[in-house]
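J.: Here it is: the structure, laid out below.
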Amino acid sequence: MLAQQPPPHRFGGTATLDGKVVGAGVAVTAWIDGKEGARTTTNATGGYVVDVAQPEGASYAGKTINFLVAGAS
């Protein structure tokens, strides 16, 4: 039997720290159950898009994804 991995969940927005939009190249990470699930960096206007793939054979259903900007929540 063949099965395909489900597509990743895509999240995006504008990253801020202390109420201010960050610049280009700032790390945005997604954390699930204390483990980093995805990473990207911001563009010149603080925008980001990150794809969070589900691990093979597991599910993130019902889990909370926490996003960190430059390591801060």
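The values are calculated or read from the model by the stated rules, or taken from the named source; none is laboratory data. Bear in mind the structure is a predicted one, so any value in this text is a computation, not a measurement. Reconstructed Cβ throughout: ideal geometry from the backbone, glycine too, with neighbour counts over all protein chains shown. These accessible areas exclude ligands, DNA and RNA; they are computed on the full protein's heavy atoms, side chains included. Shrake-Rupley method; radii C 1.70, N 1.55, O 1.52, S 1.80 Å.
J.: Among the candidates Gly37, Gly19, Gly13, Gly47, single out the residue that is open to solvent by less than 80 Å² (accessible area, probe 1.4 Å) and free of Cβ contacts under 8 Å to residues at least 12 places away in the same chain.
T.: Only one candidate passes the filter, namely Gly19.
J.: Of the conditions (1) open to solvent by 40 Å² or more (accessible area, probe 1.4 Å); (2) within 17 Å of His9 (Cβ to Cβ), Val28 satisfies every one except a single condition; which number is it?
T.: Among (1) open to solvent by 40 Å² or more (accessible area, probe 1.4 Å); (2) within 17 Å of His9 (Cβ to Cβ), the lone unmet condition for Val28 is (1).
J.: What's the total number of residues in the range 55-73 that are open to solvent by less than 80 Å² (accessible area, probe 1.4 Å), on the phi < 0 side of the Ramachandran plot and in contact (Cβ under 8 Å) with a residue 12 or more places away in the chain?
T.: Of the residues in the range 55-73, 6 are open to solvent by less than 80 Å² (accessible area, probe 1.4 Å), on the phi < 0 side of the Ramachandran plot and in contact (Cβ under 8 Å) with a residue 12 or more places away in the chain.
J.: OK, next. Within the range 37-60, which residues are modelled with pLDDT under 95 and within 17 Å of Gly71 (Cβ to Cβ)?
T.: Within the range 37-60, Gly37 is the sole residue that qualifies.
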